[in-house]
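Colleague: Structure below; questions to follow.
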Amino acid sequence: MSFRVISVLISLILISCSKQEVNYEPSKKVDPYKIYEEAYEAFEKGDLFYAHKKFSEAELNFTEIELAAKSSIMSSYSLYGINFYDEALESLNSYLRKYPVDKNIAYAHYLIAIIYYEQISDEKKDLDPLLKTKDKIDFFLKEFPDNEYAIDLRFKKDLIINQIAAKELYIAKYYISVQKWIPAINRLKLIVKEYDQTIFIEEALHRLVEVHYFIGLEKEAKKYAKILGYNYNSGEWFKQSYKILNKEYKIKQRQTVEKKENFLKRIIKKIK
């Protein structure tokens with residue numbers, strides 16, 4: 001078949017096609033309300049990953065800002081519910097950027113604080129998650145002091161402060177064990193300054209007495225012993241500090257016991 005014949009055939013096909021009427025079916029508009037309903041049903045059933053996907057889809061299709069924002073935060077919560085912490089934080093931060101005046105802003109900040117809180121490690125040396133959580137809780141309590149979630153976060157903050165003090169003391173004792181006196185003292189002073197309301201303040205003061213006395217700074221040791229004695233003079237840690245600064249303390253205790261025992265023996269002899 002010659003090139004000319006092929007060209008003619010192609011022309012005839014094109015002309016034929018041009019005479020046919022082409023009908024385009026418009027795509028059906030997505031109903032965000034149905035998507036949201038499907039997402040919520042999945043959420044109720046505990047299928048949180050699927051719920052997250054559908055809430056995100058609903059957000060993209062809602063024209064009403066309030067409903068889009070609600071879909072966004074529900075998507076974030078769904079991620080949190082399946083322990084996708086990093087993804088949930090990313091989603092919540094996106095929500096805060098896109099909907100800065102939404103009515104659920106306080107809840108978003110609360111959820112971020114809770115995510116940080118739930119990621120606190122049990123590792124004694126790991127302070128970073130604790131400090132991040134404390135900072136986020138402090139932010140919430142400053143911005144939303146009367147919010148319904150503030151009570152819960154205040155309680156969690158008390159627990160966190162005790163944990164921070166415990167870990168600071170653990171690190172200080174480690175430095176003492178390897179004779180790194182300066183970092184040990186700095187950690188202990190931090191507890192005294194920042195976490196004096198915790199149960200670890202007494203031991204921290206005692207360790208300051210112990211370290212300063214050991215390195216020959218007796219004046220400093222006595223200073224911290226006085227603070228310990230003034231506030232906790234009936235505590236066991238004060239007794240330990242007293243023994244450090246008064247080497248005869250145990251001997252006097254024994255002498256008293258011995259005198260008492262001798263006295264009792266004399267009494268018994270008389271009775272016999």
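Colleague: Kindly flag which residue pairs out of K180/K243; K142/K189; K54/K134; K136/K180; K54/K142; K132/K173 have an alpha-carbon separation exceeding 29 Å in this structure.
Modeller: Correct reply: K54/K134; K136/K180; K54/K142.
Colleague: Sorting check: for 161-174, 230-243, which peptide has the highest mean count of neighbouring beta carbons within 10 Å, and how do the rest follow?
Modeller: Final packing ranking: 161-174, 230-243.
Colleague: Shifting gears a bit: L67 to I199: FRET efficiency via 1/(1 + (r/R0)^6), r the Cβ-Cβ distance, R0 45 Å, to the nearest 0.05?
Modeller: Numbers: r = 49 Å, r/R0 = 1.08.
It comes out at approximately 0.40.
Colleague: Related question: When only DSSP loop residues count, what trypsin sites (Lys or Arg not before Pro) in segment 62-151 have their Cβ near at most 16 other Cβ atoms within 10 Å?
Modeller: Answer in residue order: K103, K124, K125.
Colleague: Which distance in nm do the two modelled labels at Q240 and L131 give, with both placed 7 Å along the Cα-to-Cβ direction?
Modeller: 2.6 nm
Throughout, read-outs are computed from the coordinates displayed, never taken from laboratory work. This is a predicted model, so every value here is computed, not measured. Every residue, glycine among them, receives a Cβ derived from its backbone with ideal geometry; neighbour counts consider all protein chains shown.
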